[in-house]
Amino acid sequence: MKVCIRRGAREIGGSCIEIESQGKRIVLDIGQPLICPDLESVALPEVSGFQNADDSLIGILISHPHLDHYGLANRLRKDTLFFMGAAAQRILRAASNFMPASWNPPKTTTEIRDLKSFSLGPFQITPYLVDHSAYDAYAFLVEADEKRLFYTGDLRAHGRKPKLFERLVNHPPKDADVLLMEGTTVQREETEHGFPSESEIENDMVRIFKSTPGMPLVWCSGQNIDRIVTIFRAAMRSGRRLIIDMYTAHILKATGNDRLPQAYWPQVRVFLPQFQKNRIKRRRQFALAQEYRPYRIFGKDLAAVKSNSVMLFRDSMRTDVKEAQCLDGARIVYSMWDGYLKEPKMTEFLEWTKQHELELIKCHTSGHASVLDLRRLRNAFASATAVPVHCAEPKQFAKTFDRVQVHPDNEWWEVK
């Protein structure tokens, strides 16, 4: 079994790993690089079969529905065979109703399930459901030629599914030869001590919500399901209702999990921001809007509920919340990576918060494992050679963990 990291050996995101055995090949993830000003200008990894016909490429495994792991999938051949979780497929299809750049997985995509092994040519593949900020995220055990490679994808131990991480470190697949391990956080100093859990973030949000006289406006990803649950639970504990936008409502429905907050719950209302409304009109998706009409709250009603509600927010909703007169006493709770705030495109938003005297409070935890937890994972695979991927500092990775081999992008190497 031979491996080539096509992208991700020295960067976070854009993950793409090619594996070959007996003349057949599979690819783990086909991600969009994080630094990507123009998607169409990004070169596809040099994998035979991505653009030209090649029967030796027999499948693409998508670990989870984050752009840096699937974002170039829509540029592959139409007859490409994909494998990914069923809920992940539904989430991406739901997102494509609102986001023009989103990928709509083809109907031929094969569903993968936790611990359900399957054969793909000479490969035996076992998906492992993991704790991550993306819903329905998997790691993969790949076996061929009497060798075993474990690819972590993206994972963590401090989300709302920590038992999945504990299961992995307590019962790892035996006799793995290679641990292809994400190293997102190895260059971050604070990560040696671990990250706050979602439960701790929930407690922080309860304090913020209770001390906010007006409406807390929480900016988070509509696909970060763990965080939506955290916000919902904090809202309930604060005696407030949760207002979600229609995009988020559609993503929550797509999970197929009625234990997660849903539009029809009495503690939830759905707001349709103008930019989403315009999108629906352009695409004539009136049936979609009608589906959520019984649970709607309209702009004219927001001011009346600002003191007993929490509302999901994003930069494109600035006009909506201002016209609804719900900024008095409001706070912005920023619940994403704070590195985004340093980007030039955020300057206008930050000026807007100052103009309206809105306090911006950061309340977030990482979607990736801390070094503290990565050490536990490495120890669980003690006999395997660790190879960094999804890592900006492979040299630091080699200093942090034992038995490391660093391979550059586009170098073929053999699993031994």
Filter the strands (runs of 3 or more DSSP E) completely within the stretch 115-200 down to those with at least 2 residues that are open to solvent by less than 20 Å² (accessible area, probe 1.4 Å), more than 21 Å from Thr365 (Cα to Cα) and in contact with a strand residue (DSSP E or B) (Cβ under 6 Å, 6 or more places away or on another chain).
123-130, 137-144, 147-151, 178-182
If you take the residues of the stretch 55-81 that are open to solvent by 10 Å² or more (accessible area, probe 1.4 Å) and part of a strand (DSSP E or B), which of them is nearest to Arg6 (Cα to Cα)?
Leu57
Any pair with Cβ under 8 angstrom, 6 or more apart, that starts in the stretch 181-206 at a residue that is under 30 Å from Arg148 (Cβ atoms) and ends at one that is assigned to a loop (DSSP other than H, G, I, E, B) and open to solvent by 60 Å² or more (accessible area, probe 1.4 Å):
Gly183/Glu393; Val186/Glu393; Gln187/Glu393
Quick check on the stretch 97-104. Is at least one of its residues hydroxyl-bearing (Ser, Thr, Tyr), open to solvent by less than 60 Å² (accessible area, probe 1.4 Å) and either more than 30 Å from Leu288 (Cβ to Cβ) or touching a residue at least 24 places away in the same chain (Cβ under 8 Å) (or both)?
no
Test of understanding: among Met236, Met215, which residue is surrounded by fewer than 24 Cβ atoms within 10 Å (Cβ to Cβ), over 22 Å from the mean Cα position of the chain (by Cα) and in contact (Cβ under 8 Å) with a residue 24 or more places away in the chain?
Met236
Selection from the stretch 367-399 of residues that are closer than 14 Å to Pro173 by Cα, open to solvent by 10 Å² or more (accessible area, probe 1.4 Å) and among the small types (Gly, Ala, Ser):
Ala380, Ala382, Ser383
Do we have any residue at all in the stretch 393-403 that's in contact with a helix residue (DSSP H, G or I) (Cβ under 8 Å, 6 or more places away or on another chain), closer than 30 Å to Ile17 by Cα and aromatic (Phe, Trp, Tyr)?
yes
State yes or no: is Lys342 of a type in the set (Lys, Arg) and within 25 Å of Arg156 (Cβ to Cβ)?
yes
Within the stretch 24-54, considering residues that are at pLDDT 95 or above and outside any loop (DSSP other than H, G, I, E, B), the one nearest to the chain's Cα centre (by Cα):
Leu28
Candidate set from the stretch 1-23 (those that are part of a loop (DSSP other than H, G, I, E, B) and touching a strand residue (DSSP E or B) at 6+ places or on another chain (Cβ under 7 Å)); member that is surrounded by the fewest Cβ atoms within 10 Å (Cβ to Cβ):
Glu11
If I filter the stretch 367-410 down to residues being free of Cβ contacts under 8 Å to residues at least 60 places away in the same chain and out of contact with any strand residue (DSSP E or B) (no Cβ under 9 Å at 6 or more places or on another chain), which single residue comes out as nearest to Ser197 (Cα to Cα)?
Arg375
Mind telling me which of the residues Glu192, Glu200 ends up being more than 17 Å from the chain's Cα centre (by Cα) and at pLDDT below 95?
Glu192
Test: His407 is touching a Lys or Arg at 6+ places or on another chain (Cβ under 8 Å) and either in a loop (DSSP other than H, G, I, E, B) or among the small types (Gly, Ala, Ser) (or both):
no
Go through (1) in contact with a helix residue (DSSP H, G or I) (Cβ under 9 Å, 6 or more places away or on another chain); (2) in a loop (DSSP other than H, G, I, E, B); (3) more than 17 Å from Cys16 (Cβ to Cβ) and name the single condition Ala88 misses.
(2)
Could you run through the stretch 24-47 and say how many residues are of a type in the set (D, E, K, R) and either out of contact with any Ser or Thr (no Cβ under 9 Å at 6 or more places or on another chain) or open to solvent by less than 10 Å² (accessible area, probe 1.4 Å) (or both)?
4
Look at Asp320 and say whether it is in contact (Cβ under 8 Å) with a residue 60 or more places away in the chain, among the acidic types (Asp, Glu) and over 22 Å from Val229 (Cβ atoms).
no
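Residue-wise test of (1) under 29 Å from Gly85 (Cα atoms); (2) basic (Lys, Arg); (3) in contact (Cβ under 8 Å) with a residue 40 or more places away in the chain.
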{"position": "Lys281", "(1), (2), (3)": "no, yes, no"}
{"position": "Asp301", "(1), (2), (3)": "no, no, no"}
{"position": "Asn308", "(1), (2), (3)": "no, no, yes"}
{"position": "Gln325", "(1), (2), (3)": "no, no, no"}
Filtering the stretch 277-298 for residues that are in contact with a helix residue (DSSP H, G or I) (Cβ under 7 Å, 6 or more places away or on another chain) and at pLDDT 95 or above leaves a count of 1
Unique residue being among the hydroxyl-bearing types (Ser, Thr, Tyr), closer than 30 Å to Phe401 by Cβ and out of contact with any Gly (no Cβ under 7 Å at 6 or more places or on another chain) when the list is Ser211, Ser221, Ser238
Ser221
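The values are calculated or read from the model by the stated rules, or taken from the named source; none is laboratory data. Model, not experiment: these values are computed from the prediction. Cβ: placed from backbone, ideal geometry, glycine included. Neighbour counts: every protein chain shown. To get the accessible areas, we keep the full protein, side chains included, count just its heavy atoms, and leave off ligands, DNA and RNA. Shrake-Rupley method; radii C 1.70, N 1.55, O 1.52, S 1.80 Å.
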